[in-house]
Amino acid sequence: MKLVHIYQCLCDETRLRILSLLLEGELCVCHIQEILGEPQVKVSKHLAYLRGRGLVVPRRKANWVIYSLPARQSAELSANLACLQDCAREHPVFRADAARLRQLKAALGAGDPACCPPARRPRHAKR
């Protein structure tokens, strides 16, 4: 993985927020969307950007796509993600995201991150 690709990914707040969430474990796209409060198209665009540069890994489960960080990370990526994790603790936007993630995990309980019940649609979903 080229260092320049990592920094290209890190120069956008939405992508930083997504990576910060994924540092806590894998998440379904709809959960990322819900936590960020962003439209699905914007979240998917940023996830595609990160996926194209190898910073996130998707897996399908039924109708859901679940994202995680790569199991094997270059030293450069690991160092930059560690820095992001340290810096995010002090930033209000990232702290708010972390609080929403904790609430979501508490509501979902233990289990697969793809457990999106039909009654719990993301805010921006069409009905």
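Please work out the FRET efficiency for the pair A48 and V4, using the Cβ-Cβ distance as r and a Förster radius of 25 Å; give the result to the nearest 0.05.
The formula returns an efficiency of 0.85 here.
Going by average Cβ neighbours within 10 Å, how do the peptides 96-108, 42-54 rank, with the highest at the top?
Descending mean neighbour count gives 42-54, 96-108.
Out of C9, A96, L108, whose Cα points farthest toward the positive end of the dipole of the chain (charges: +1 Lys, Arg; -1 Asp, Glu; placed on Cβ)?
L108
Quick one: putting +1 on the C-beta of Lys and Arg, -1 on the C-beta of Asp and Glu, what dipole do you get for the range 1-82 around its Cα centre, in Debye to the nearest 20?
360
Any chance you could run the full-extension gain for R102 through V57? It's 0.36 nm times the residue separation minus the Cα-Cα distance, nm to one decimal.
Length gained, R102 through V57: 14.0 nm.
Return the distance in nm (one decimal) between the two label points of a simple spin-label model at L23 and A79, each offset 7 Å from Cα along Cα→Cβ.
Taking the simple label geometry, L23 and A79 are separated by 1.6 nm.
Between S68 and D12, what is the label-to-label distance in nm when each label sits 7 Å out along the Cα-to-Cβ direction?
The modelled label-to-label distance comes out at 2.4 nm.
Given the Cα-Cα distance of R95 and V41 and 0.36 nm per residue of separation, how much length would full extension add, in nm?
17.1 nm
Using Cα pairs closer than 8 Å and at least 6 residues apart in sequence, work out the relative contact order for the chain, in percent.
34
In the chain, what percent of the accessible surface is made up of carbon and sulfur (1.4 Å probe, ligands and nucleic acids excluded)?
With neighbouring chains kept in place, the figure for the chain is 54 percent.
Under the rule a/c < 1.5 gives rounded, and otherwise a/b versus b/c splits prolate from oblate, where does the chain land using the Cα gyration tensor?
prolate
The values are calculated or read from the model by the stated rules, or taken from the named source; none is laboratory data. These numbers come from a predicted model, not from an experiment. Here Cβ is always computed from backbone atoms with ideal geometry, including for glycine, and neighbour counts include all displayed protein chains. When the accessible area is computed, the model is the full protein with side chains, heavy atoms only, and any ligands, DNA or RNA have been set aside. Shrake-Rupley method; radii C 1.70, N 1.55, O 1.52, S 1.80 Å.
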